[in-house]
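Undergrad: Please see the structure below; I have some questions.
The values are calculated or read from the model by the stated rules, or taken from the named source; none is laboratory data. Just so we're clear, the structure is a prediction, and the values are computed from it rather than from any experiment. Note that we place each Cβ from the backbone using ideal geometry, even for glycine, and neighbour counts take in every protein chain shown.
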Amino acid sequence: MNNKKNMSIGEVQIADDVVAIIAGLAATEVEGVSSMAGNITKEIIGKLGMKNLSKGVKVTVGEDSVAVELSLNIAYGYNVPEVSEKVQDKVKAAIENMTGLKVKEVNIHVAGVAIENDNL
């Protein structure tokens, strides 16, 4: 599904995958987020391509708003509610700033806790 925005000289269409990629990038930039569910980390994004960032992200675009669901792995030792709130704020801001769409909600599903090898 494409989201359409009417502009004064034409129309701009934003694919749902674009919104999902923006959400995935914003989420992985938050300290305490180890990876998207499906083990998509910042280090392997370059190897697999940006399209894979949408794994673990579900976007529902309505008439004038967007709902986002993210499945994340949180790094061990971080406060889950604090990290989740930061992800919600960052994802909302990124989508609204980059697309002009209003974000209705950002739901976080914590899929797992990642333990770094150094902590073992």
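Undergrad: So which residues in region 100-120 are more than 20 Å from residue 56 (Cα to Cα) and either outside any strand (DSSP E or B) or in contact with a Gly (Cβ under 8 Å, 6 or more places away or on another chain) (or both)? Lay out the reasoning, then the answer.
TA: Keep residues of region 100-120 that are more than 20 Å from residue 56 (Cα to Cα), which gives 100-102, 116-120.
The answer is 100, 101, 116, 117, 118, 119, 120.
Undergrad: Here is a further query. Considering only region 35-90, how many residues are closer than 17 Å to residue 17 by Cα, surrounded by 15 or more Cβ atoms within 10 Å (Cβ to Cβ) and at pLDDT 80 or above?
TA: Final tally of qualifying residues: 12.
Undergrad: Which ones in region 91-103 are among the hydrophobic types (A, V, I, L, M, F, W, C), buried (at least 16 other Cβ atoms within 10 Å of the Cβ) and farther than 12 Å from residue 24 by Cα?
TA: Of all residues in region 91-103, those among the hydrophobic types (A, V, I, L, M, F, W, C) come to 91, 93-95, 98, 101, 103.
After this cut, where a residue has to be buried (at least 16 other Cβ atoms within 10 Å of the Cβ) as well, the list is 91, 94-95, 101, 103.
101, 103 - these are the residues of region 91-103 that are among the hydrophobic types (A, V, I, L, M, F, W, C), buried (at least 16 other Cβ atoms within 10 Å of the Cβ) and farther than 12 Å from residue 24 by Cα.
Undergrad: Continuing with this model, one more query. From 113, 106, grab the single residue that is modelled with pLDDT under 95 and surrounded by 12 or more Cβ atoms within 10 Å (Cβ to Cβ).
TA: When all the criteria are applied, what remains is 113.
Undergrad: Pairs needed: first member in region 74-97, in contact (Cβ under 8 Å) with a residue 12 or more places away in the chain and on the phi < 0 side of the Ramachandran plot; second member anywhere, outside any helix (DSSP H, G or I) and of a type in the set (D, E, K, R); C-beta distance under 8 Å; at least 6 residues apart or different chains.
TA: From region 74-97, the pairs are 75/116; 76/116; 78/31; 83/31; 86/31; 90/29.
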